[in-house]
Amino acid sequence: MNTAELFKKGLKQIDISCSEGQINAFMTCLSELKKWNRAYNLTALKTDEEIIVKHFLDSLLYLRAIPEGAMKLADIGTGAGFPGIPVKIIRPETDITLIESSRKKAAFLRHIIRSLKLSAINVLEQRAEALTGEHEKNYDVILSRATFSIKEFLETACRYVKENGILILNKGPKVSEELKELERSPYAKGAVRETLKLPLPLTTAERNLIILSCRM
């Protein structure tokens, strides 16, 4: 099975349809990520299967939690573009801001945006905590796959999301411990709107998408 067929098999498991143009965009992203990774070590994942499953398909699970329609979305600590780039390929109508403080990773993000000819997507090469006032209350949805605790994500991202907007964070198997701790926090109590437990395609692993409201 070649890489495109493997990717299509994973897409089928999560019920996402892709045009051939979108499949080609993911394959270009795969090729460029591997090429840049040899020089800049952008990700610890090296093989085609690892990148397809743990970057592309894992990122696309966020679509189960993102509302339909055009919106402004930010991806905090996006690294080499996950989940933001896969979400943009599938939802081209979404205006996306990729926030990444690493110069090497930000350079790759600009390169892949040019390579895929993506529009309405921009890169902010800085830490989320350092964003200026123009970003406050600016986004409908804020995503992250970075290693935030839920509480840290709320503290970092809430000032940038619009009223009635949402935050979405992907957590692993220890999520229940974090959720218990969260309910003991006066700041974060009641912030969890929903938890989606989803299988990661082509594996036996599960992901937990935590959908949060800001109650500041």
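The values are calculated or read from the model by the stated rules, or taken from the named source; none is laboratory data. The structure presented is a predicted model; accordingly, all values stated were derived computationally and were not measured. No Cβ is skipped: glycine too gets one built from the backbone with ideal geometry, and neighbour counts run over all protein chains shown. In case anyone asks, the SASA skips ligands and DNA or RNA and just uses the protein heavy atoms, side chains included. Shrake-Rupley method; radii C 1.70, N 1.55, O 1.52, S 1.80 Å.
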Query raised in the report: What value, in deg cm²/dmol to 500, does the helix sum -39500 (n - 2.57) over DSSP H runs of n ≥ 4 give at 222 nm once divided by the residues of the chain?
Result: -10000 deg cm²/dmol
Query - Length gained when the stretch Glu194-Lys104 is fully extended (0.36 nm per residue, less Cα-Cα span) - result: 28.9 nm
Report task. Report the residue, chosen from Arg38, Arg193, Arg159, that carries the largest GNM mean-square fluctuation when the chain is represented by alpha-carbon nodes joined by springs under 10 Å. Result -> Arg38
Report summary line: Over the chain, cysteine residues that find no other Cys C-beta under 4.7 Å are Cys18, Cys29
Query - Selected from Ile166, Ile89, Thr28, residue furthest toward positive end of dipole (the chain; charges at beta carbon) - result: Thr28
Report task. Filter the cross-link list Lys54/Lys104; Lys88/Lys197; Lys9/Lys88; Lys9/Lys46; Lys54/Lys171; Lys105/Lys171 down to pairs whose alpha-carbon distance in this structure exceeds 25 Å. Result -> none
Query raised in the report: Could you give the radius of gyration (one decimal) and Dmax (whole number) of the Cα atoms in the stretch 48-146, in Å?
Result: 12.7, 41
Report summary line: For mean projected area of the Cα convex hull in nm², with candidates [x] 11.4; [y] 14.9; [z] 22.6, the value calculated from the shown model is option [x]
Query raised in the report: Of the heavy-atom accessible surface of the chain (probe 1.4 angstrom), what whole percent is carbon and sulfur?
Result: 48 percent
Query raised in the report: In debye to the nearest 20, how big a dipole does the stretch 173-216 give about its Cα centre with +1 on each Lys and Arg Cβ and -1 on each Asp and Glu Cβ?
Result: 120 debye
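Leaving out ligands and nucleic acids, note down the accessible area per residue over the stretch 74-176 with a 1.4 angstrom probe, in whole Å².
41 Å²
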Query raised in the report: Where does the charge balance sit around Lys104 when Lys and Arg score +1, Asp and Glu -1, over other residues with C-beta under 13 Å from its C-beta?
Result: +2
Query raised in the report: Rounded to the nearest 5, what % of the DSSP beta bridges within the chain are antiparallel ones?
Result: 40 percent
Query - Column: log10 I(q)/I(0), Debye, Cα scatterers of the stretch 53-92, q = 0.23, 0.27, 0.29 Å⁻¹ - result: -0.73, -1.00, -1.13
**Report entry** Dipole magnitude of the chain, debye to nearest 20 (Cβ charges: Lys/Arg +1, Asp/Glu -1, about Cα centre)
**Finding:** 340 debye
**Report entry** R0 of 30 Å, Cβ-Cβ distance Glu152-His111: FRET efficiency to nearest 0.05
**Finding:** 0.55
Query raised in the report: Roughly how many whole Å is it from the C-alpha centroid of the stretch 129-177 to that of the stretch 67-106?
Result: 13 Å
Requested in this report: State, in angstrom, two size descriptors of the stretch 1-95 derived from its alpha carbons: Rg to one decimal place and Dmax to the nearest whole number.
Outcome: 13.0, 38
